[in-house]
Every structure is written in C-alpha cells, then in structure tokens.
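Structure record follows, encoded as structure tokens.
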Amino acid sequence: MCGIVAYLGTEDAYPILVKGLKRLEYRGYDSAGVALLNNKDITLYKCKGKVSDLETHVGESVTTGNVGIGHTRWATHGPPNDTNAHPHLSGDGDLAIIHNGIIENYNTLKDELINRGHKFTSDTDTEVLAHLIEEVRSNTKVDLFEAVRISLNEVVGAYAIVVMDKNNPSQLIAAKKSSPLVIGIGEDGTYFVGSDATPIVEYTKNVVYLEDEEIALMDKKTGLKIVTIQNREKIPYIQELEMQLEALEKGGYDSFMLKEIYEQPRSIMDCFRGRMNLQKGMVRLSGIEKFEDKWVNAKRIIIVACGTSWHAGLVAEYLFEDLARIPVEVEYASEFRYRNPIIEKDDIVIAISQSGETADTLAAITLAKERGAHIFGVCNVVGSTISRETHSGSYTHAGPEIGVASTKAFTAQVTVLTLMALTVAEKRGAIQPERLHRLIAEINSIPDKVEVALKSNDIVEYISEIYKDASNALYLGRGYTFPVALEGALKLKEISYIHAEGYPAAEMKHGPIALIDEEMPVFVIATQGQSYEKVVSNIEEVKERKGKIIAIVTAGDKHVRKLADHVIEIPKSDDCLVPLLATVPLQLLSYHIAVMRGCNVDQPRNLAKSVTVE
Ligand code: G6P
C-alpha cells in the first residue's frame, strides 16, 4: 500500500509534498517522510506516525529545495518506526528512493549485497532496491535511468518507485509494476508524481498513467521519456484529468466519512445519470452493449471483490438471480485466486473495486482472463489498474472517496450493479416490461429517499449514545438485506473497534443466539417486503433472550415498533432497492459511535483504503 508523491520544478518542494501526502494518507499512515534536494545535498526528514507528526518533526527549520520525494507508509517489511520510514538512501547517500509495493526476493538480493559489503540500516525491502541501483550504476558506469532499468530486471514483486539522485538535480526517475503511479506534467519542465492523481490535480490536469514495467525519466530540460524494463521506448499517452479539487476537501464536514455519507443522494444520481430513460423504461450501459452476446448467453456470473465491495457483490448475487435469472457465485478475490477455480468460457467475471487497485482482485482478474472468461470491471477510480485490465466495465462515478471506511462507493456500486442486472434482464427477456419500468422509476426516486434516510441522523445519534460502550453487536438481515447486515457490522468494526457480526436473520438460531443477553445490541433490518414476517419472528426470538433490538423499518411500520427497543425509519421501496436505503442509517450509526469513542473515523487503526499487497 503506501502513498508516494514527488515534485520536480522551480517551486519549494516541501509544501507540495506534504499537501500531497495528506491526500494520500488513506493509503497508509503509520510513518511518513520526505527527501529534499538542494544544491547537491539531500535532506531527509522522516518519522513514525502520520503526516502531521512529520510536520511537527520537521518544524520551522525545513530546508528548501525544488526537487523532492515523499512517502506515507503502511508497514509490510519492518515495523513502523523512524528508521523504516521512507525515503531510503543508497549506501553512498547519493540516491533517495520511495517505494509502494513489495520486493518479494528482497532477502536474496539483500544477502548478496551484504556479501559484497553493503550495510543496511532498516528492515525494509526498499532500502535493498536503493543499494542495488547504486551497485549497478557503479559497476556498469551507465547513467541512473539505465541503472534503474537494469536493477528492476532483478526484482520480483510489486513496485511503484521514485528515485532522486543528488548528482542529477534536474531529474527524477519513476517506475511501476502492479502498484499505481501517475505522472503530472506541469509547465516549463515541471513534473509531479503520485500514487493517484489527488496530489497532482491542483497543479495540472495533464497526466500520464504509467503501465506495468515502464520506467519514466522526468528531466527539466529534455522532458519526459518512457521505456519498458525490456528497453523498448514508449510514447507517453497524456490524458486529461476529470477530477475536481473540491471533491478532495472536507467541505465544512468534520470528517471525509461524514461528508461522503451525506454525498450519497448526489453520488447515486451521478451513477445512474444518462444511463436510464424514464419515459421509455430503458437502461443502457455501454460496457454491456459492447459485449451483448456474452451477457445474453452467459451461463454463470462469478463476482470477485474484497471488503465492502464484496458486500456489494452479494447484493448483486440477489439482483442477477432475481432479475436476470443467471446463476451467480460471489468470491473473495483472495480465496478465488489460490484455489484453482473452474472457469468456463461462457462465464462472466465481474470484478468490483472502489480503488481499482486491490491486489487480490487484480490477481483474480488475471487468472480468470487466462482461463478465457469475459471480465467486467465495476470501479470508482477512473483510469485505475482494474479499469484498464478488464475487457469492459462501468464506472460508479461516486467521486473520490477519502474516508477509509467505504460509504458512498458502496451505494454507487450497488446502483451500478442494479442497472447492470436490469440491462441484462431486459436483453435476456427475463423481466416483464412493466416491472422494468417500475424499477427504473423507483431507482430515479432513490436519491430523494436517501435524503429522507439521512434525516434519521438525530435518532441514530441518540441510539449511538446508548450503545457506544457495547463490546459486541449483532446485525441481522434477510434476503436483499443480509449483505446490508454484513456491511453494517463491518462499518462498526472498522471505525469503532467494536466486535460486530452480520448474520442472515434465520441463521442466528444456529449459533449467535447463544451470545444474546441484555448487554447485546441487535440491529435488525426489518423492512416491509418478502421476508418481513420471518424477520419479525426472528426479532421475537431475540426479545425472548432479552437482547436489545434496534430495528430499521419501513416508514409507518407499527408492528416492529411494538417489539423493538428503538426503530429507525427509512422510506418504502422495492425489496431489491432497500439495500441503498437501509445502509445509510447503519453508516451514520458507526460514524457516531466511533466519534463518541474518540476514534479517528477517516483513518482507523491498522487499515488502509487501497490494499495493494496480498
Ligand atoms: C480495504 C478498504 C475497504 C475496501 C476494501 C476493498 O479494506 O479499507 O474499504 O472495501 O479494501 O477495496 P476496493 O478498492 O477493491 O473496493
């Protein structure tokens, strides 16, 4: 994981790097550092902690420099401490390097380098790379760009790196394999580098996304040159960024998470805008149209994803089976990639990923591709690796999601997956036109209904106050709301560190019921629809065991109100769209409980937003 940022230009590098690192902190935040180049001197500042700790560490005495690299870390090799923080230097101190990824053969390389007299100061795989490049350069007498290229041929693993050389103050070198890297091209030989475009967007809209095994030389005088590690020259493909700067700011909210929860009416609308025709009762997704035959003839859909995206996949399982009548399997990408799965050529694999960079999801895609499946991506980050590695796809258009716990990206994923299921259902003749028409109209009303669901904030805050000290919580749902229960439990675990489990309501009898006592809050999604009566029975079972029931109900419900300790109302909707509404109060609940417990909601401990290691 980790975030990397670099600057080469005429301005003071330090403020640009620090601002960029703050934008990338979602990728990891256990240590941070910068290296600044000034008059052939490299000054290194790094420490354990967040970027704000780095700022305190640096204090007022920061050296200026027009070239610099910065890093925010999520530790893989070596504990988070000052020494293991990046940047790392070569043995002679000439090179400084930042790295995101894992050098898998670093032990072998390190032993060889130690045998040849190299001395290491950290436990990291990154320092090994710095020494390797130094050695190649000194042995072969090639320039640094060529030395990086030769060295990377020795490396097994994943990397996004930037290398700075004190003898070449007008250059930076960057390279990537399996970890993302974007180069921003400013004016007059100014360059920016980032793990994503967020540190770059306010300076330039012109960017180049490096491909795997490409190395870029940025030179103030000679411009940008890209070659592959096999030494084939590539013409840089410059794209225009669509990202808006405001989307990266908190906009008056206390946290990104809260802002993102409240953005959902808008992000859901952005997701379906232009894809539905209300009058004609039509849904159109170009990613599906392009491969219509494959979808019409698909024998099976396999969904691969991780974390919250996996929960969106579970909702999609209900949607595709219910509406389009295609069998669906939902797989954790990390399991799928290692269990020799059976994949037929008539299978369609849907990969769901907010970041579009999750290592396990990427590996699952590679495997499914090798075995001949058609791969469809559902990503939020435009231009991300998964969006480029899939045969076709649909973006969720939720805008940048900065809070580590996913909120608006989840509801946007569910929205896109609903549109997909409807498109395919219509093409396969599996849905009656009236139902399709009705569902399209209902989707169109979802942003307003989410707005109403958000009005539950006060009652949710009140309930949070009562249960904030719970040690455990149970979340129950049934049918379409079972994945919502899982997602509700995950949100609480992630940001408030309360142990929580999501369960299908009826399965409770086969285990979790043993945990229920008067201390246990049980959050039940008991909206009116197909499973309503059954869930009401499950509520009775919890009540008999003195569990505390907090029920999410359809507005106006009287029956559950009599049984539950607290109810949270959401507007009525079709069963298949209820996940978009029922999720909202559960997001607010985890947010309030986390704040009341003094937790950092945007950067929960040990987590990172983009998991680019397996
Ligand atoms: C991490 C994040 C989660 C996210 C998961 C999958 O665990 O903290 O919020 O759901 O990765 O990420 P993806 O970007 O593939 O959706």
Net charge near Met596 (other residues with Cβ under 15 Å of its Cβ; Lys, Arg +1; Asp, Glu -1) is -2
Around Leu144 (Cβ within 12 Å, Cβ-to-Cβ, excluding Leu144; K/R +1, D/E -1) the net charge comes to -2
Bin width 5 Å, alpha-carbon pairs only: give the P(r) of segment 1-134 as whole percents, running from 0 to the bin holding the largest distance.
2, 12, 22, 23, 19, 13, 6, 2, 0
Taking only C-alpha positions in segment 278-336, Rg and Dmax in angstrom work out to 13.1, 43
Near the amide H of Ile431, under 5 Å away, which other amide H atoms are found, from residues 5 or more places off or on another chain, if H is placed in the peptide plane?
none
Taking a temperature of 4 °C and a viscosity of 1.567 mPa s, what whole-number D in µm²/s does Stokes-Einstein yield for segment 72-229 with Rh from Kirkwood over alpha carbon pairs?
82 µm²/s
With N residues in segment 64-130, what two-decimal value do you get for its Cα radius of gyration over 2.2 N^0.38 Å?
1.11
From the gyration tensor of the Cα coordinates in segment 458-524, what semi-axes in whole Å does the equivalent ellipsoid have, largest first, with each one equal to sqrt(5λ)?
19, 14, 11
Where the eigenvalues come from the Cα gyration tensor of segment 328-386, what are the semi-axes √(5λ) of the equivalent ellipsoid, largest first, in whole Å?
18, 12, 10
Just the Kirkwood number for the chain, please: inverse of mean 1/r across all distinct Cα pairs, in Å, one decimal.
25.4 Å
Could you please state, rounded to a whole Å, how far the C-alpha centre of segment 198-225 is from the C-alpha centre of segment 26-78?
21 Å
Compute the distance from the alpha-carbon center of segment 288-358 to that of segment 97-160, in whole Å.
39 Å
Semi-axes of the equivalent ellipsoid for segment 404-523, Cα gyration tensor, largest first, Å:
32, 18, 13
State the dimensionless ratio Rg/Rh of segment 415-479 (Rg: radius of gyration of Cα atoms; Rh: Kirkwood radius).
1.19
Could you list log10 I(q)/I(0) for segment 344-471 at q = 0.09, 0.23 Å⁻¹, which the Debye formula gives when each Cα is one point scatterer?
-0.38, -1.27
Within 10 Å of each candidate Cβ there may be at most 13 other Cβ atoms; applying that plus a DSSP loop requirement, which trypsin sites (Lys or Arg not before Pro) in segment 492-552 survive?
Lys546
Determine, for Leu24, Leu439, Leu224, the number of other Cβ atoms within 10 Å of each Cβ, and report the residues in order from fewest to most.
Leu224, Leu439, Leu24
By how many degrees, 0 to 90 and rounded to 10, does the Cα axis of helix 482-496 deviate from the longest principal axis of the chain?
50 degrees
With label points set 7 Å from each Cα along the Cα-to-Cβ direction at Met596 and Thr108, the distance between them in nm comes to 5.5 nm
For segment 455-614, diffusion coefficient by Stokes-Einstein and Kirkwood Rh (Cα), 25 °C, 0.890 mPa s, µm²/s
157 µm²/s
Sparse-neighbourhood loop sites, GluC sites (Glu not before Pro) in segment 169-216 - DSSP loop, at most 10 other Cβ within 10 angstrom
Glu187
Could you name the lysines whose alpha carbon sits less than 21 Å from that of Lys294, not counting residues in the same chain fewer than 8 places away?
Lys345, Lys369, Lys427
Using eta = 1.567 mPa s and T = 4 °C, Stokes-Einstein with Kirkwood Rh from Cα pairs puts D for segment 235-307, in µm² s⁻¹, at 78 µm²/s
Please pull out the direction-averaged projected area of segment 143-211, using the convex hull of its alpha-carbon atoms, in nm² to one decimal place.
5.0 nm²
Overall Cα dimensions of segment 287-424, principal axis frame, Å, largest first
38, 31, 24
So what J values fall out for segment 288-297 if you push phi through Karplus, 6.51 cos²θ - 1.76 cosθ + 1.60 with θ = phi - 60°, rounded to Hz, Gly and Pro as x?
8, 4, 4, 10, 3, 4, 4, 6, 5, 9
Once you treat every alpha carbon in segment 13-72 as an equal point and sum by Debye, what is log10 I(q)/I(0) at q = 0.17, 0.19, 0.22, 0.23 Å⁻¹?
-0.47, -0.59, -0.78, -0.84
Quick check on segment 197-340: what does the Kirkwood estimate of hydrodynamic radius come out to from the alpha carbon pairs, in Å?
20.1 Å
Given just the C-alpha atoms of segment 512-603, how large is their convex hull per residue in cubic angstrom?
117 Å³
In whole Hz, with x marking every Gly and Pro, tabulate ³J(HN,Hα) for segment 595-612 from phi via Karplus 6.51 cos²θ - 1.76 cosθ + 1.60, θ = phi - 60°.
4, 5, 8, x, 8, 7, 5, 7, 10, x, 4, 6, 9, 8, 7, 10, 9, 9
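Each value in this text was obtained by applying a stated rule to the coordinates, not by laboratory testing. Quick caveat, the model's predicted, so the values are computed rather than measured. In this analysis, Cβ positions are derived from the backbone assuming ideal geometry, glycine residues included, and neighbour counts consider all displayed protein chains.
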